[in-house]
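Q: Pasting a structure here, questions to come.
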Amino acid sequence: MALPFELLISIFDLACYPPQPQIFDPALWTGHDPMSGGKQGMRFQQGLTLICKAWSGPAKELLYRDITIRTVNQLPLLEHTLLNDSTSALALMIKSLRLLCDVSPTQHHPQIFDPALWTGHDPMSGGKQGMRFQQGLTLICKAWSGPAKELLYRDITIRTVNQLPLLEHTLLNDSTSALALMIKSLRLLCDVSPTQHHVLDLSLRPVLCMCTRLRHLAFNPVLDLFPHPLSTFTLDLQTLPQAHQDTLTRVELGVSVPLSHAVPELTQFPNLVMLSCEVNLLTPTAHGDPYILSRLEDLRLTLSTSDSVAISDSYRSITSALDLPALCKLSLTAVQATAHDVRPCYALFLAKHGSHLRYLAIYGSFFLVLVIEELIQHCPSVEHLVVPRVRSLQMLAHPNVVWLDAWDYMTARRRRQPKDPLDAFENMPRLRGFRIIDRAFFHIAGPVVPLAAPPYLDADAV
């Protein structure tokens, strides 16, 4: 009987809880309206508590199995509950912990990630809230023990350079060496000033050497605090332990990493299936043979420059210097270049690597239907196509496209416009679903948006 009860609670929660802090923390409510959100929330919680007392064990497992923190104040309450549980059974019931709370205005400050940087005295300041949040979370995780450590260390994101030495220190002082084995993903998304380059040189390699079960590596630091830095940074992936060459499957490289250095090293990783990188010059091998990435299935290429000569030279070099026999997913992004500049480059690349593609995403400006149609002619097997929402898109022709996504800037007026029905795409006989995706999502999650929400889950799919 646990499943129906859980479903009923979820529906009631969504229907009756407006996004007000009084609902999630009734202690904040100070009004007197018996039908206010705070009063309704208190009655709901009180009624639920009485039901659960009668239901005893199964209710506890239901309530503690999936914990969602919606306000910062809920975290100390959960901490207090777990610390005062003499049997320690409640902590063992927790299988999922979601932190969906607003710690504003701390979310854009480095004090959140490194509380030691805070030097103020205001107890309600962003730094203090961030410290209380981290301290409460740390104590909860100590009570939760193993599962909490796996949750925190599974995906590590470095957002300030000073976090990297701290991570290195933590891993070096772990007597069991278990923490390093828990890290499956490491992402470096930080600003690096000229005076901080030595921090990367000294700390990054030891961290990579200790994380022998690393599967996902994202190295995208903004060197010198410029969008297009003059300096570059090379990753010595070739000298990493043999264990990395067997486990590393996903790599994301930023503009500061030259492909001429990274690609020769990546060929040593036999299980690499996804590569995201900035398009730049790729020098051929000494014998003129292409670099073979035998198992690479997903390639995401980003072009940030607007120099037409550099665009042409870079795409010609990577087209001739790469051999991708397993490639089936390709994303092509042009941040500043126009369709006129990238059209011949895309056509050249797709002519060599597009024959086995099942997924193709094209992000850019000023594309026409004729240009898109010319490009997808090199991809006879493509089934999922992502293109700009251009005029006369329903005239696009392809015999095998099953799912079509069109990205667009969704203004209020455009949201009210109905999208084209499937019958309008007469030149796509196999089409089963058509979606319009707001480009704002791409600024948040990048080109992975259409894959993160598969089109076959859309309600309008047939």
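The values are calculated or read from the model by the stated rules, or taken from the named source; none is laboratory data. Computed from a predicted model, the values in this text were never measured in an experiment. When we count neighbours, we look across all protein chains shown, and the Cβ atoms used for this are built from the backbone with ideal geometry, even at glycine.
Q: Filtering region 170-186 down to residues that are over 22 Å from the mean Cα position of the chain (by Cα) and part of a loop (DSSP other than H, G, I, E, B), which residue is surrounded by the most Cβ atoms within 10 Å (Cβ to Cβ)?
A: 174
Q: Further question on the same structure: Quick check: anything in region 298-318 more than 27 Å from the chain's Cα centre (by Cα), closer than 14 Å to residue 267 by Cα and of a type in the set (Asp, Glu)?
A: Checking region 298-318: not a single residue is more than 27 Å from the chain's Cα centre (by Cα), closer than 14 Å to residue 267 by Cα and of a type in the set (Asp, Glu).
Q: Restricting attention to region 281-295, report how many residues are in contact with a strand residue (DSSP E or B) (Cβ under 6 Å, 6 or more places away or on another chain) and outside any strand (DSSP E or B).
A: The qualifying residues number 1.
Q: From the list 362, 372, exactly one residue is in a helix (DSSP H, G or I) and closer than 24 Å to residue 432 by Cα. Which is it?
A: Every option except 372 fails the conditions.
Q: Could you tell me whether residue 271 is crowded, with 16+ Cβ neighbours inside 10 Å, modelled with pLDDT of 85 or more and over 23 Å from residue 159 (Cβ atoms)?
A: So residue 271 fails the test.
Q: What's the total number of residues in region 302-354 that are buried (at least 19 other Cβ atoms within 10 Å of the Cβ), closer than 13 Å to residue 277 by Cα and not aliphatic (A, V, I, L, M)?
A: 5
Q: Check off (1) closer than 16 Å to residue 162 by Cβ; (2) modelled with pLDDT under 85 for residue 227 and give me the number that stays unchecked.
A: Residue 227 satisfies all of (1) closer than 16 Å to residue 162 by Cβ; (2) modelled with pLDDT under 85 except (1).
Q: Testing residue 294 on (1) surrounded by fewer than 15 Cβ atoms within 10 Å (Cβ to Cβ); (2) touching a helix residue (DSSP H, G or I) at 6+ places or on another chain (Cβ under 8 Å); (3) modelled with pLDDT of 90 or more, one condition comes back false. Which one is that?
A: Failing condition for residue 294: (2).
Q: If we scan region 279-290, do we find a residue that is surrounded by fewer than 19 Cβ atoms within 10 Å (Cβ to Cβ) and acidic (Asp, Glu)?
A: So far as region 279-290 goes, yes, one or more of its residues are surrounded by fewer than 19 Cβ atoms within 10 Å (Cβ to Cβ) and acidic (Asp, Glu).
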